[in-house]
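Novice: What follows is a single structure, and I will ask about it in a moment.
The values are calculated or read from the model by the stated rules, or taken from the named source; none is laboratory data. Only a predicted model underlies this, so the values are computations on that prediction, with no experimental measurement involved. Because the Cβ atoms are built from the backbone with ideal geometry, glycine has one as well, and the counts that use them run over all protein chains shown. Protein only, heavy atoms only, side chains kept; ligands, DNA and RNA dropped before computing areas. Shrake-Rupley method; radii C 1.70, N 1.55, O 1.52, S 1.80 Å.
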Amino acid sequence: MTHATFRIWRGDSSGGALVDYETDVTEGMVVLDAVHQIQAEKANDLAVRWNCKAGKCGSCSAEVNGMPKLMCMLRIDELDMSRPVTIEPMRAFPPLRDLVTDVSWNFRVKKRIKKFTPRPPDAPDGSWRMQQSDVDRVQEFRKCIECFLCQDVCHVLRDHHKHDEFIGPRFLVHVAALEMHPLDVADRVDELKEAHGIGYCNITLCCTKVCPENITITDNAIIPLKERVVDRHYDPLTKLVRLFRGKRDKGRAEIPAEDPVLHGSSRSANPSEESR
Amino acid sequence: MTEHDILSYDVIIVGAGGAGLRAAIEAADKGARVGVICKSLLGKAHTVMAEGGMAAALANVDDRDSWRVHFADTMRGGQYLNNWRMAELHAREAPDRARELEAWGAIFDRTEDGRILQRNFGGHRYPRLAHVGDRTGLEMIRTLQDHLVHLAIDVHMECTVLELLKDGDRIAGAVAYERERGRFKVFKAPAVVLATGGIGRAFSITSNSWEYTGDGHSLAYEVGAALQDMEFVQFHPTGMVWPPSVRGILVTEGVRGDGGVLRNKDGKRFMFDDIPENYRSQTADSEEEAWRYIQGDKSARRPPELLTRDHVARCIMREVRAGRGSPHGGVFLDIAWVKEKIPNSKEYIRKKLPSMYHQFKQLANIDITETAMEVGPTTHYVMGGIRVDGDTQMSTVPGLFAAGECAAGLHGANRLGGNSLSDLLVFGRRAGEYAAAYARDNAAVNVDAAQVDLATTNALRPLDGAGDRGPAAEGPYQIQHELQEFMQELVGIVRCEDEMKSALERIAALKKKAPGVTVPGNREYNPGWHTALDLRNLLTVSEAVARAALERKESRGGHFREDYPDKDSGFAKFNIVLRKGGDGAMQVSRESIPPLPAELAQIIEEMK
Ligand SMILES: Cc1cc2nc3c(=O)[nH]c(=O)nc-3n(C[C@H](O)[C@H](O)[C@H](O)COP(=O)(O)OP(=O)(O)OC[C@H]3O[C@@H](n4cnc5c(N)ncnc54)[C@H](O)[C@@H]3O)c2cc1C
Ligand code: SF4
Ligand code: SF4
Ligand code: FES
């Protein structure tokens with residue numbers, strides 16, 4: 001057993017500061033265990049989100065020593081214990097309290113993405129036939145646990161606050177999962193360019209590097225989607241054919257203007273950096 | 001009450017796991033205005049953690065399977081205490097519910113001919129579990145969530161129901177508080193569906209999350225609904241045991257379904273030593289036959305590692321107690337051994353069990369393709385819950401419905417793995433449908449201001465003395481911890497009368513202490529306050545488990561009594577039911593199980 005110092009951000013939307021807590025560390029402990037221990041012993045009101053404690057629900061995202069991580073999967077013995085371990089909330093989202101941020105923007109974005117629309121069933125019992133090799137790619141995308149760590153590190157959101165114009169890597173993965181779903185017949189290419197702002201992504205790969213599910217976000221999801229957008233919008237021939245079909249630029253109009261409420265937080269999605 | 005806005009719906013659903021989401025979708029489809037309330041963010045409920053799969057007799061892998069075999073397996077697993085109507089509906093409807101998920105975008109693993117692949121699991125005669133690697137729950141919850149967000153359904157996230165409201169005998173709504181600001185929300189609705197999941201946090205070693213404090217059980221109990229089968233808690237045989245901080249985290253049964261074997265410290269496959277009579281004809285009698293079964297040989301019988309969970313958990317306990325366990329008090333679960341049988345074993349294991357591979361690598365520094373895991377029993381699931389009507393899922397309180405883990409009946413004395421995910425969909429859908437119909441026929445309902453005031457006053461009490469508590473006094477975490485420790489110890493896998501009586505005394509003492517607990521901080525996102533509010537629910541379900549377990553003087557399924565180690569056919573005829581009495585004390589009664597209709601009795605006879 002050793003003693004360690006954890007430097008945890010405490011505060012709310014109006015501001016806050018790092019506070020030092022000392023606690024005992026035993027073999028195999030993860031960062032979330034230390035936070036819970038501090039919560040039980042010293043700071044009952046220390047706010048933190050978690051559910052599964054097994055890397056499956058994507059609730060416990062935070063920045064540990066500046067690295068975006070799931071606290072429940074980060075072993076303390078992987079960290080440098082000679083200095084305090086800093087734990088801060090995700091930066092790309094407005095702080096609510098302590099380690100908890102307002103991620104409600106993500107839930108609103110999802111509602112704007114055209115839903116899964118299957119082709120008619122292949123068999124009389126209402127089922128379909130799909131080969132495993134045809135679904136491997138989509139299954140990779142569907143591993144996403146919505147931890148939003150990729151959103152947290154994407155500079156378009158984190159530094160440039162383009163939350164209104166860009167859906168972020170998580171939802172590009174979501175669109176990719178729908179677009180590459182062997183059964184889906186809906187078309188999301190136009191809104192990818194317009195409403196979803198795929199053009200903002202300049203392939204920095206930061207999202208792929210932090211994904212705890214090891215989804216190859218950029219290479220497997222974003223780049224193929226960008227190719228689809230380019231094929232359609234900058235290929236004059238394709239554009240002409242599409243004009244004839246009258247299918248042009250319906251994307252925006254198909255997004256429901258008024259969504260049913262997703263309560264959680266009504267605050268603006270743009271993080272106020274000063275409040276850190 | 002003027003300060004609270006009243007939110008009015010036709011149906012409110014408490015819980016956003018598989019059962020709650022499926023209920024919400026169905027109620028909305030039937031035209032009801034639906035509000036969903038959940039303690040965490042959307043998509044984070046317990047269902048997300050389910051690994052192995054969802055049981056449905058699709059017969060894609062073995063065409064001998066049918067709803068009748070699934071029904072018989074479920075009843076045998078539940079030791080015939082099941083609500084047979086629920087077991088029948090579940091077996092009949094599960095295949096449609098699985099196909100429906102696919103129509104909403106889920107992608108299960110595929111068979112060679114492109115259909116939904118099914119895997120072996122304990123107690124299921126044929127490969128029956130539709131799955132996606134070992135992350136089936138994620139696939140299910142995300143599919144339902146993504147379908148639901150495009151419907152006109154309000155979701156109140158990070159909002160906790162504190163109390164249900166009544167209008168005379170019937171349900172009238174709920175009082176909740178939202179975590180972010182700590183404000184109260186009052187919901188008015190003629191129909192309420194509880195889909196709040198389980199009670200695992202009443203024990204110290206558990207695979208369950210902080211949400212599993214038995215809220216639905218306790219909320220229903222407080223408004224007069226009956227609970228049943230609370231003595232039946234499932235201890236999953238394989239939880240992680242080392243390092244200490246991960247103790248209890250689940251190791252999916254899929255490991256054994258895909259060839260994993262249990263060994264003691266001498267390397268012996270001890271599960272061959274004790275095969276219960278009623279499973280003997282279905283169980284392999286050599287390691288060679290067991291392996292052929294794993295390979296898909298239809299003439300082979302199941303390995304003994306795939307016997308029901310209650311039995312496997314007790315065999316593990318036996319080995320540990322006899323001094324034949326692993327270094328950290330468990331036994332060995334070995335999947336790496338398949339390298340003796342197949343050339344590309346590493347790839348096979350990583351493809352079949354990706355998150356298990358990851359979990360052990362990350363949390364325990366163990367490569368499961370090389371080394372055996374150390375495992376031991378962990379509190380996993382509660383078979384008991386709110387007593388409901390098999391067809392409609394309505395509780396004994398008009399307008400109050402329950403579905404999923406918080407409802408009782410389907411699983412009897414022991415749940416088969418995979419039967420929960422299918423349960424959520426089959427009975428979530430039914431609860432949503434009947435709740436919408438009930439709301440339509442009984443729309444007018446009133447909220448009583450006095451009930452709301454009482455609920456909010458009680459809820460604020462822990463914050464009253466904020467800061468007063470000296471460092472020596474107990475906070476909510478200490479009380480919770482004490483309860484978990486003695487429940488595990490005294491009302492855990494092996495029970496006896498003296499220990500349970502002493503547990504009941506200690507519960508009574510904590511019931512006196514809990515209302516006086518105070519927490520520092522304010523109302524905004526305060527986990528200490530939340531933990532204080534959970535205590536009542538935890539204490540209620542703990543008492544229910546202990547009282548029911550004391551009453552059942554036999555051993556059956558998930559309930560094992562050292563002082564009554566055998567099954568007693570006299571106890572096969574009734575369920576133990578708990579209600580809140582007029583004096584506020586918990587009342588225990590025995591309610592007889594209605595006789596099986598001839599058609600179902602015949603199925604069971606044929607499948608013996
Ligand atoms: C690790 C693990 C693996 C499993 N694997 C399998 C498997 O492979 N196959 C299988 O069939 N089963 C499996 N199970 C069991 C199964 O996952 C659960 O029984 C099932 O998911 C429960 O679903 P539910 O819809 O009833 O509740 P949950 O998914 O737990 O949802 C409960 C909901 O209720 C909400 N809630 C609770 N209390 C309140 C309150 N007071 N106010 C507001 N909201 C509230 C919660 O926030 C949550 O949204 C597994 C369980 C675990 C723990
Ligand atoms: S690759 Fe694109 S989406 Fe990913 S972090 Fe970089 S800019 Fe953002
Ligand atoms: S894509 Fe990866 S990093 Fe992004 S939300 Fe999903 S799991 Fe998290
Ligand atoms: S608590 Fe679920 S991912 Fe960490």
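Novice: Against the longest principal axis of chain B, how steep is helix B:476-490, in degrees 0 to 90 to the nearest 10, with axes from Cα atoms?
Specialist: 40 degrees
Novice: Checking the table B:Lys166/B:Lys580; B:Lys339/B:Lys361; B:Lys512/B:Lys580; A:Lys56/A:Lys209; A:Lys226/B:Lys351; A:Lys69/B:Lys346 against a 24 Å threshold on Cα-Cα, which pairs fail?
Specialist: A:Lys226/B:Lys351; A:Lys69/B:Lys346
Novice: So, one more: What share of the DSSP beta bridges in the protein assembly as shown is antiparallel, in percent to the nearest 5?
Specialist: 70 percent
Novice: If you take the square roots of the eigenvalues of the alpha-carbon gyration tensor of region B:238-378 and sort them as a ≥ b ≥ c, do you get rounded (a/c under 1.5), prolate (a/b over b/c) or oblate?
Specialist: oblate
Novice: Which residues' amide hydrogens lie under 5 Å from the amide hydrogen of B:Arg183, considering only partners 5 or more residues apart or on another chain, with H built in the peptide plane?
Specialist: Counting only residues 5 or more places away or on other chains, the set is B:Glu178.
Novice: On the protein heavy atoms, probe 1.4 angstrom, tell me the percent of accessible surface of region A:119-164 carried by carbon and sulfur.
Specialist: Percent of accessible area from carbon and sulfur atoms in region A:119-164: 49.
Novice: Could you state how much accessible area is buried at the A-B interface, both sides summed, with a 1.4 Å probe, in Å² to the nearest 100?
Specialist: That pair of chains buries around 5700 Å² in total.
Novice: So what are the three principal axis dimensions of region B:161-260 from its Cα atoms, in whole Å, longest to shortest?
Specialist: Taking max minus min along each principal axis of the Cα atoms, region B:161-260 gives 54, 35, 23 Å.
Novice: For B:Ala407, enumerate residues with amide H under 5 Å from its amide H, sequence gap 5+ or separate chain, H modeled in the peptide plane.
Specialist: Residues meeting the criterion, in which the H sits 1.01 Å from N, are B:Ile386.
Novice: In whole Hz and in residue order, list the ³J(HN,Hα) couplings for region A:148-158 that follow from phi through the Karplus curve 6.51 cos²θ - 1.76 cosθ + 1.60, θ = phi - 60°; x for Gly and Pro.
Specialist: Karplus values, whole Hz, x for Gly and Pro: 6, 5, 5, 5, 4, 8, 6, 4, 4, 8, 5.
Novice: Rg (Å, one decimal) plus Dmax (Å, integer) for the alpha carbons of chain B?
Specialist: 23.3, 72
Novice: Treat the protein assembly as shown as a sphere of radius equal to its Kirkwood radius over Cα pairs and apply Stokes-Einstein at 37 °C in a medium of 0.692 mPa s; give the translational diffusion coefficient in µm²/s, rounded to a whole number.
Specialist: This corresponds to a translational diffusion coefficient of 118 µm²/s.
Novice: Next up: At 1.4 Å probe size, with the rest of the protein present, what percent of the exposed accessible area of region A:10-108 is carbon and sulfur atoms?
Specialist: 46 percent
Novice: At 1.306 mPa s and 10 °C, plugging the Kirkwood radius over alpha-carbon pairs of region B:63-130 into Stokes-Einstein gives what diffusion coefficient in µm²/s?
Specialist: For the chosen part, D equals 123 µm²/s.
Novice: Would you mind computing, in nm to one decimal, how far apart the modelled labels at B:Glu599 and B:Lys567 are, each placed 7 Å from Cα along Cα→Cβ?
Specialist: Distance between the two pseudo-spin positions: 2.6 nm.
Novice: Whole angstrom only: what separates the Cα centroid of region B:347-401 from the Cα centroid of region A:156-209?
Specialist: When both Cα centres are located, 33 Å separates them.
Novice: In chain B, carbon and sulfur make up what percent of the accessible area (probe 1.4 Å)?
Specialist: Of all accessible area on chain B, carbon and sulfur atoms account for 48 percent.
Novice: For region B:438-455, in order, what is each residue's ³J(HN,Hα) by Karplus, 6.51 cos²θ - 1.76 cosθ + 1.60 with θ = phi - 60°, in whole Hz (x at glycine and Pro)?
Specialist: Values, residue by residue: 4, 5, 5, 7, 9, 5, 6, 8, 10, 9, 8, 4, 5, 5, 5, 4, 4, 4 Hz.
Novice: How big, on average over all directions, is the shadow cast by the Cα convex hull of region B:1-97, in nm²?
Specialist: Taking the Cα atoms of region B:1-97, their convex hull projects to 9.4 nm² on average.
Novice: Now a separate question. Skip the ligands, DNA and RNA, and give the accessible area per residue of the protein assembly as shown with a 1.4 Å probe, whole Å².
Specialist: The answer is 35 Å² per residue.
Novice: As an exercise, identify the GluC sites (Glu not before Pro) in region B:83-186 lying in DSSP coil whose Cβ has no more than 13 other Cβ atoms within 10 Å.
Specialist: B:Glu112
Novice: Sequence-distant or interchain residues sharing an amide H contact under 5 Å with B:Arg33, placed H: which?
Specialist: B:Asp10, B:Val11
Novice: Considering only DSSP states other than H, G, I, E and B, which trypsin sites (Lys or Arg not before Pro) in region A:32-85 qualify as loop sites with at most 16 other Cβ atoms within 10 Å?
Specialist: Within region A:32-85, the qualifying trypsin sites (Lys or Arg not before Pro) (loop, at most 16 other Cβ atoms within 10 Å) are A:Lys42.
Novice: From the phi angles alone, apply the Karplus equation (6.51, -1.76, 1.60; θ = phi - 60°) to region B:548-557 and give each ³J(HN,Hα) in whole Hz, x where the residue is Gly or Pro.
Specialist: Values per residue, Gly and Pro as x: 5, 5, 5, 6, 8, 8, 6, 10, 7, x Hz.
Novice: Where the centroid of each part is defined by its Cα atoms, how far is region A:123-155 from region B:252-321 in Å?
Specialist: Cα centroid to Cα centroid, the span is 34 Å.
Novice: Take every DSSP beta bridge whose two residues both sit in chain B, then give the antiparallel share in percent to the nearest 5.
Specialist: Antiparallel bridges: around 65 percent, rounded to the nearest 5.
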